[in-house]
Amino acid sequence: MQYLVFDTNLTQRWRRVKEFVDSATDANFWVDIKRHTRSLLKDTMELCMQEEMVEYTQRQKYQRTENNLDYRNGYYYRNLDTEFGPMNQLKIPRSRLGLFRTKVFDLYQRRQAAVNQAICNTFLAGVSTRDISLTLKPLLETTFSASCVSRVTKCLDIKVKEFHKRTLLDEYQFLFLDGITLKVKTSLHAIKKLVLVAYGITIFGKKELISFRIASSESQNCWEAFLNDLYARGFKGDNLKLVITDGCKGLHAALDIVYAYTKRQHCWVHKLRNVAKYLKKNDEKQVLAEAKEIYKASTKREAVRIFRRWKNRWHRKYPQTTNCIEKDLDELLNFLEIPIKEQYRKLIRKRIRTTNVIERAFREVRRRTRPMSCFTNQDSVNRIIYAILTRLNNKWKDKPLVEFTQFI
């Protein structure tokens, strides 16, 4: 670092500044600035700790007084990661009785709180545990192991609990429910766990991943516990127009108890996948293309007419295919009965006839969890799911779906 001493007139000062800037590259300039700042910070911290020791012992260095309660006992050295970079060999005074505590940093602290916060924020932003070190190294000039990042992100456990306990506003008009499977280690072996997720669209057009819970399966008991939790936290369903699901029997049994008076919409994507199981490869494309015309109808009556025509054509060859749709036809067409202004009808119906909106969130979950073949415990699952949901919610926060406020 080259020091500029400004003790002459303005013209000479400006010439020195230009000479300094011209003689240094941009990279070297900022490296020197950062190193110099870190050196000043280290000196300041050590000076503060010296003053704290004077205040603690009530005397200056080498000063002798009566009734001494404690004495200086040299120094020890510690490395500390700060937002300005690593602080190596920080000189810390200590007392003979070991009772002196500095206020500059906490006992046993190895990283500044701002560094830990940067790690957590990077994790919440979607960077994997292993890549956080590479991401922050150019700024903090230090590296972190994956285990170090995992320890730091454990502070998110408190935020996860707050997320699960927060009060919900009863402002959701569409509710999407689905689950995703992840592997979690136990004492003996890895087992599959379901993460049940609720996604909602409010009367103000705001998209939100409302809640999630780890469950053993998609049974009625698990879904009922999940829905009861939403209800107890304030989501009564007074504004709820439609609940969109994949047709899981356990989920629908739970909905019969918690939100019994709300219409359900079966996901057309899941239904057509089930239909395709009964088709020959040669006919699959044509049968499914004609079946899709059912949900493209402008009214429920028209959709029923298209279904009957489709059934008459394919029932003799594929009776299981037509029966698969026929038994759930009312639940598949409930989205057509929602009163919507004509100019927004096509766009809104496209969103509420499937669970694709929540599947997109699951795509992000799979992207983040694919490198982790198996989670260590349920707490780590909670942290990663919370991180993904928080990032998506923050992304959607200022981007409401205006069309979902335009109902008749």
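The values are calculated or read from the model by the stated rules, or taken from the named source; none is laboratory data. Here the structure is a predicted model, which is why all the values come from computation and not from measurement. Glycine also receives a Cβ, built like all others from the backbone with ideal geometry; neighbour counts cover every protein chain displayed. Surface accessibility is based on the protein's heavy atoms, side chains included, excluding ligands, DNA and RNA. Shrake-Rupley method; radii C 1.70, N 1.55, O 1.52, S 1.80 Å.
Points to keep in mind about this one:
- Per principal axis, descending, Cα span of the range 283-328 in whole Å: 28, 21, 16
- The orientation-averaged shadow of the Cα convex hull for the range 108-194, equal to a quarter of the hull surface, comes to 9.1 nm².
- In the chain, the portion of solvent-accessible area held by carbon and sulfur atoms comes to 50 percent [1.4 Å probe, whole percent, DNA, RNA and ligands not counted].
- Simple point charges give the picture: +1 on the Cβ of Lys and Arg, -1 on the Cβ of Asp and Glu, and for the chain a dipole about the Cα centre of about 1580 debye.
- Exposure ranking of 328, 379 by accessible area [1.4 Å probe, largest first]: 379, 328
- For the range 210-363, a Kirkwood hydrodynamic radius built from all Cα pairs, placed in the Stokes-Einstein relation at 4 °C and 1.567 mPa s, yields a translational diffusion coefficient of 77 µm²/s.
- The chain - share of DSSP beta bridges that are antiparallel (%, nearest 5): 80 percent
- Overall form of the range 235-306 per C-alpha gyration tensor (a/c, 1.5; a/b vs b/c): oblate
- For residue 249, the aspartates and glutamates whose Cα comes closer than 20 Å to its Cα, not counting residues fewer than 8 places off in the same chain, are 178, 218, 224, 229, 326, 328, 330, 331, 359.
- Convex hull volume per residue in cubic angstrom - Cα atoms of the range 47-126: 90 Å³
- With the convex hull drawn around the C-alpha atoms of the range 163-257, the volume per residue stands at 104 Å³.
- Surrounding net charge for residue 156, when Lys and Arg each add one and Asp and Glu each subtract one, Cβ distance under 11 Å: +1
- Of all DSSP beta bridges in the range 172-300, antiparallel share, percent nearest 5: 80 percent
- Total formal charge among the other residues, if their Cβ is under 10 angstrom from that of residue 325, Lys/Arg +1 and Asp/Glu -1: +1
- What the Kirkwood sum gives for the range 300-408 is a hydrodynamic radius of 17.7 Å, with every pair of different alpha carbons counted.
- Candidate values (i) 23.8; (ii) 26.8; (iii) 22.3, label of the one derived for Kirkwood radius over Cα pairs in Å: (ii)
- The helix-only estimate of mean residue ellipticity at 222 nm for the chain, built from DSSP H runs of length n ≥ 4 each weighted as -39500 (n - 2.57), is -16000 deg cm²/dmol after division by the residue total.
- Neighbourhood net charge (12 Å Cβ-Cβ; Lys/Arg +1, Asp/Glu -1) for residue 370: +4
- For the range 200-306: accessible area per residue (Å², 1.4 Å): 48 Å²
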